[in-house]
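Down below is the structure, laid out as structure tokens.
The values are calculated or read from the model by the stated rules, or taken from the named source; none is laboratory data. Only a predicted model underlies this, so the values are computations on that prediction, with no experimental measurement involved. Cβ placement follows ideal geometry from the backbone for every residue including glycine, while neighbour counts extend to all protein chains displayed. Just so you know, the surface numbers come from the protein's heavy atoms only, side chains and all, with ligands and any DNA or RNA stripped out. Shrake-Rupley method; radii C 1.70, N 1.55, O 1.52, S 1.80 Å.
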2 protein chains.
Amino acid sequence: MNTLEAIKIRASYRGKYCSTKVPKDQLRLIMQAGLSAPSGCNKQTVSLITVDDESILMKLHKVIKPPIGETAPAMICVLTRKIIAYRDKCYHVQDYSAAIQNMLLAIIELGYQSCWIEGHITDDDHIGEQMAQILHVPDEYKLVAFLPVGIAEEPMKYTKKLPFEQRAWFNGFKEKS
Amino acid sequence: MNTLEAIKIRASYRGKYCSTKVPKDQLRLIMQAGLSAPSGCNKQTVSLITVDDESILMKLHKVIKPPIGETAPAMICVLTRKIIAYRDKCYHVQDYSAAIQNMLLAIIELGYQSCWIEGHITDDDHIGEQMAQILHVPDEYKLVAFLPVGIAEEPMKYTKKLPFEQRAWFNGFKEKS
């Protein structure tokens with residue numbers, strides 16, 4: 001698939017997934033795509049744990065309330081470390097966001113669907129921390145997001161976006177018309 | 001180009017660019033790729049200004065010290081607005097990072113090179129604010145990054161990264177071996 005096409009057809013999939021397993025070599029390709037993203041001062045603050053073991057998936061989904069992505073046969077958990085890039089500057093949010101975007105595109109390329117799930121698990125009920133405990137993640141890492149991965153069972157829905165002209169201009173800011 | 005291939009060959013290019021202009025329709029495709037990225041609660045906090053006018057490029061590069069990307073025939077400036085997604089949650093950093101990653105891949109797909117330049121212009125000397133003034137950007141937007149765009153004149157250099165096994169695991173955290 002052409003990269004521009006993958007970028008265009010990608011959307012956040014919140015429907016049910018088929019039970020068909022995602023082969024480990026394909027999950028590995030997706031993870032490699034994530035790790036290939038740039039990171040501020042090359043600090044490589046992102047780590048990943050992919051879960052495709054059914055019993056561990058079940059444990060994780062027990063703490064994810066309300067449920068989301070619970071029918072997907074695999075889940076990529078995104079871990080971050082607040083490593084200083086220089087002086088007091090830290091680019092860990094940028095780093096994991098770029099890694100997630102790479103993975104979302106790789107997932108599309110390989111014929112699967114996904115959704116960037118972050119706010120749901122980093123909110124005041126600390127679901128991400130409970131997930132990290134289940135996965136034996138050391139304290140220096142924070143589990144900030146996860147991506148369900150699988151074949152979509154339902155049709156894709158596209159969110160409505162503002163027209164190009166209201167968000168992008170050439171050679172200077174233009175007032176909204 | 002296959003998306004996985006684009007992801008793999010992308011690297012931060014810091015060399016000189018050829019003077020060959022980037023056609024406006026290709027710049028528009030790159031910007032569209034950026035705006036196609038997901039945003040937290042679909043708040044679409046990212047806006048873009050692409051500069052390919054030589055006199056404006058010259059003005060911008062006058063304030064970018066030390067110089068970087070100054071030989072590129074075009075530059076995409078990334079603007080963000082801190083729009084609340086829900087309660088006190090704001091995902092503007094994630095939003096612009098995903099948009100930038102999409103654009104970096106689109107740039108590769110179209111045969112150009114680029115580099116995510118952020119810390120250089122958001123540091124204590126406020127270069128981004130000076131660039132925003134030149135581009136008549138209203139105060140509610142912050143210019144946080146720019147991407148030079150052009151054909152590379154020099155060979156690509158790849159940064160060394162940690163091996164997969166030190167950053168990614170299946171079904172639980174694994175100690176570094």
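What separates the residue A:136 label point from its copies, with the point 7 Å along Cα to Cβ, is 6.1 nm, written shortest first.
Each copy carries a label point for residue A:157 at 7 Å from Cα along the beta-carbon vector; from one copy to the others these points are 4.8 nm apart, nearest first. For chain B, the fraction of 1.4 Å probe accessible surface lying on carbon and sulfur atoms is 52 percent. A compact globular protein would have a Cα radius of gyration near 2.2 N^0.38 Å; the ratio found for segment A:1-100 is 1.24.
The gain in end-to-end length when the residue A:160 to residue A:83 segment is fully stretched comes to 24.1 nm, 0.36 nm per residue minus the alpha carbon separation. Across chain A, Cα pairs under 8 Å and at least six residues apart give a relative contact order of 32 percent. Place a point 7 Å from Cα of residue A:20 in the direction of its Cβ. Which residues in segment A:67-106 have their backbone N less than 20 Å from it? Correct set: A:69-76, A:104-106. The Rg/Rh ratio of the protein assembly as shown, with both radii computed over alpha carbons and Rh defined as the Kirkwood radius, is 0.96. Ranked from shortest, the separations from the 7 Å Cα-to-Cβ label point of residue B:82 to its equivalents in the other copies are 1.7 nm. Can you check what the net charge comes to around residue A:67, using other residues whose Cβ is under 12 Å from the Cβ of residue A:67 (Lys, Arg +1; Asp, Glu -1)? Here the count lands on +3. Which trypsin sites (Lys or Arg not before Pro) in segment B:1-90 sit in a loop by DSSP (not H, G, I, E or B) and have at most 10 other Cβ atoms within 10 Å of their own Cβ? Counting only loop positions with at most 10 other Cβ atoms within 10 Å, the trypsin sites (Lys or Arg not before Pro) in segment B:1-90 are B:87. Rounded to two decimals, what ratio of Rg to Rh does chain B give with C-alpha atoms and a Kirkwood Rh? Taking Rh as the inverse mean 1/r over Cα pairs, Rg/Rh reads 1.00. In a simple Cβ point-charge model (Lys, Arg +1; Asp, Glu -1; nothing else charged), the protein assembly as shown has a dipole of about 160 debye relative to its Cα centre. Here segment A:80-151 was treated as a single set of alpha-carbon atoms; its pair distances binned every 5 Å from 0 give 3, 15, 20, 21, 20, 14, 5, 1, 0 percent. What is the distance in Å between the Cα centroid of segment B:122-158 and that of segment B:19-69? Result: 8 Å between the Cα centres. Ratio of Rg to Rh for segment B:121-177: 1.24 [Cα atoms; Kirkwood radius as inverse mean 1/r over pairs]. Projecting the Cα atoms of A:155, A:23, A:73 onto the dipole axis of chain A, where Lys and Arg carry +1 and Asp and Glu carry -1 at the beta carbon, places A:155 farthest toward the positive end. Taking amide hydrogens as placed 1.01 Å from N in the peptide plane, the amide H of residue B:172 sits under 5 Å from those of A:50, each at least 5 positions away in sequence or on another chain.
Per residue, the protein assembly as shown exposes 46 Å² of solvent-accessible protein surface, assessed with a 1.4 angstrom probe and all protein chains in place.
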